[in-house]
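Following: one structure in structure tokens, then a few remarks.
The values are calculated or read from the model by the stated rules, or taken from the named source; none is laboratory data. Quick caveat: nothing in here was measured; it's all calculated off a predicted structure. So basically every Cβ, Gly included, is an ideal-geometry build from the backbone, and we count neighbours across all protein chains shown.
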Amino acid sequence: MDTLKVGIVGAGFMGQMHTGNLEQLDAVEVTCVCDVNLDAAQKLCVIAGPNATAYTSFDEMLAAEKLDVLYVCLPPFAHNGEVQKAAAKGIHLFLEKPIAINSEKAADMVNAIKAADVNSQVGFHMRFYKSIRELSAKVADGSAGKPVLFQGRFWCNLEGSAWWKNKEQSGGQIYEQLIHIYDLAIYLFGEPKTACGFLNNILHTDDPTYTVEDVSAGLVQFENGAVATITGSNASSVPVHFFGDFQINFENVNLEYKSSGQSWVSPDTGTLYCGEEKTEVTETENAHFLETKEFIEAIRAGRPAAIPASEGLKSIRLIEQIIASAK
């Protein structure tokens, strides 16, 4: 089995996490890291291994390295043609969410990937939760019946980096965190028909650098008539907790997913209800590792990955509807 050569662009938290997961796979080698901060790139190269090279110029890295796969772990505002350039060289692409700061830029990425006929995967790791996998299997074989109602939330109290709390650079909490929940709704319920919502900043008005919302509520109707309500808060009174949970109602099955708020300390749990039958699931698997494992397997098998770049575009288009409605 030939070793796949992988590059990482963006040496922050997500780049570090993906590097660690890639190192667990056979015949996969992270050979280079690019970041505007040379020190950060060099530190990640130490994790990647002795043969990894650090760069501050993406174009220089692309010219110097022979890559099979590129992991793009950039903040939404920082994309500057990396995806398109890599695709044109036949490099398969893993894209952290959100894949762009708006749907126009996201569509350009998707078109470049399609034109180059390379594989792609978006980092919507929640799709790899065990309880979601079990529910989606029932949706796929028809036993779940018709979709009815999706209720989800992402609540936390995050200080956030300078770019995260700048709406022009991150897009807001709805882009950075709620997008996972909106993606799950699309994944399970299908194409959205219409959407509306509210966004506001209630508790951060004394910080002029905080220009994103700290509360949001979205209402979505899907083509099949099902409805979703999704709320977000960055004003939770519980510190260092990240509550991303949901309840999903199909005709024949319900899923109640409970987030501990600190999955690294206490795992989340899911309960599937099928009539009188109840199945308890403890989410002990590493969903981030599973999404990477699936992507690498798809590349080796020559089949499309589970979550292509076009799925990242769908979620952005839906969120843009919510934001436009709020305005």
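Before moving on, here are some points about what is shown:
- Boolean, residue 135 is among the hydrophobic types (A, V, I, L, M, F, W, C) and over 16 Å from residue 183 (Cβ atoms): no
- Every test in (1) under 19 Å from the mean Cα position of the chain (by Cα); (2) more than 23 Å from residue 256 (Cβ to Cβ); (3) among the charged types (D, E, K, R) is passed by residue 223 save one, and that test is (1).
To keep it simple, each residue is scored yes or no on (1) of a type in the set (A, V, I, L, M, F, W, C); (2) out of contact with any helix residue (DSSP H, G or I) (no Cβ under 9 Å at 6 or more places or on another chain).
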| position | (1), (2) |
| --- | --- |
| 31 | no, no |
| 44 | yes, no |
| 58 | yes, no |
| 65 | no, yes |
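- Flag if residue 232 is crowded, with 18+ Cβ neighbours inside 10 Å, assigned by TED's automatic domain parsing to the domain that holds residue 153, within 27 Å of residue 147 (Cα to Cα) and touching a Leu at 6+ places or on another chain (Cβ under 6 Å): yes
- Filtering region 299-321 to residues that are crowded, with 19+ Cβ neighbours inside 10 Å and of a type in the set (Gly, Ala, Ser) leaves 305, 309, 312, 315.
Residue-by-condition table, conditions (1) touching a Pro at 6+ places or on another chain (Cβ under 9 Å); (2) assigned by TED's automatic domain parsing to the domain that holds residue 86; (3) part of a loop (DSSP other than H, G, I, E, B); (4) crowded, with 17+ Cβ neighbours inside 10 Å:
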{"site": "104", "(1), (2), (3), (4)": "no, yes, no, no"}
{"site": "113", "(1), (2), (3), (4)": "yes, yes, no, yes"}
{"site": "135", "(1), (2), (3), (4)": "no, no, no, yes"}
{"site": "153", "(1), (2), (3), (4)": "no, no, no, yes"}
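- For region 67-92, a tally of residues being in contact with a strand residue (DSSP E or B) (Cβ under 6 Å, 6 or more places away or on another chain) and charged (D, E, K, R) returns 2.
- Within region 1-100, helices (runs of 4 or more DSSP H) holding 2 or more residues that are surrounded by fewer than 22 Cβ atoms within 10 Å (Cβ to Cβ), modelled with pLDDT of 95 or more and of a type in the set (Asp, Glu): 58-64
- For region 265-285, a residue qualifies if it is part of a loop (DSSP other than H, G, I, E, B) and buried (at least 17 other Cβ atoms within 10 Å of the Cβ), and the qualifying residues are 268, 283.
- Residue in region 302-309 that is free of Cβ contacts under 8 Å to residues at least 60 places away in the same chain and not charged (D, E, K, R) present: yes
- Some residue of region 158-165 being part of a helix (DSSP H, G or I), buried (at least 17 other Cβ atoms within 10 Å of the Cβ) and among the charged types (D, E, K, R): no
- Taking region 141-151 as the range and being of a type outside the set (Gly, Ala, Ser) and either outside the structural domain of residue 185 (by TED's automatic domain parsing) or part of a loop (DSSP other than H, G, I, E, B) (or both) as the test, only 146 passes.
- Yes/no for residue 276 being out of contact with any Lys or Arg (no Cβ under 8 Å at 6 or more places or on another chain), among the acidic types (Asp, Glu) and without any contact (Cβ under 8 Å) to a residue 40 or more places away in the chain: yes
- A Cβ distance below 7 Å, combined with a sequence gap of six or more or placement on separate chains, defines the contacts here; from region 3-16, residues that are over 16 Å from residue 292 (Cα atoms) reach residues that are assigned to a helix (DSSP H, G or I) and among the hydrophobic types (A, V, I, L, M, F, W, C) in the pairs 11/40; 11/41; 11/44.
- Qualifying residue in region 293-310 (condition: assigned by TED's automatic domain parsing to the domain that holds residue 197 and touching a His at 6+ places or on another chain (Cβ under 8 Å)): no
- For the condition in contact with a Cys (Cβ under 9 Å, 6 or more places away or on another chain) and buried (at least 21 other Cβ atoms within 10 Å of the Cβ), residue 218 qualifies.
- Residue 179 vs. criteria part of a helix (DSSP H, G or I), in contact with a strand residue (DSSP E or B) (Cβ under 8 Å, 6 or more places away or on another chain), surrounded by 19 or more Cβ atoms within 10 Å (Cβ to Cβ) and at negative phi: no
- When the test is whether a residue is under 25 Å from residue 226 (Cβ atoms), among the acidic types (Asp, Glu) and in contact (Cβ under 8 Å) with a residue 24 or more places away in the chain, residue 82 does not pass it.
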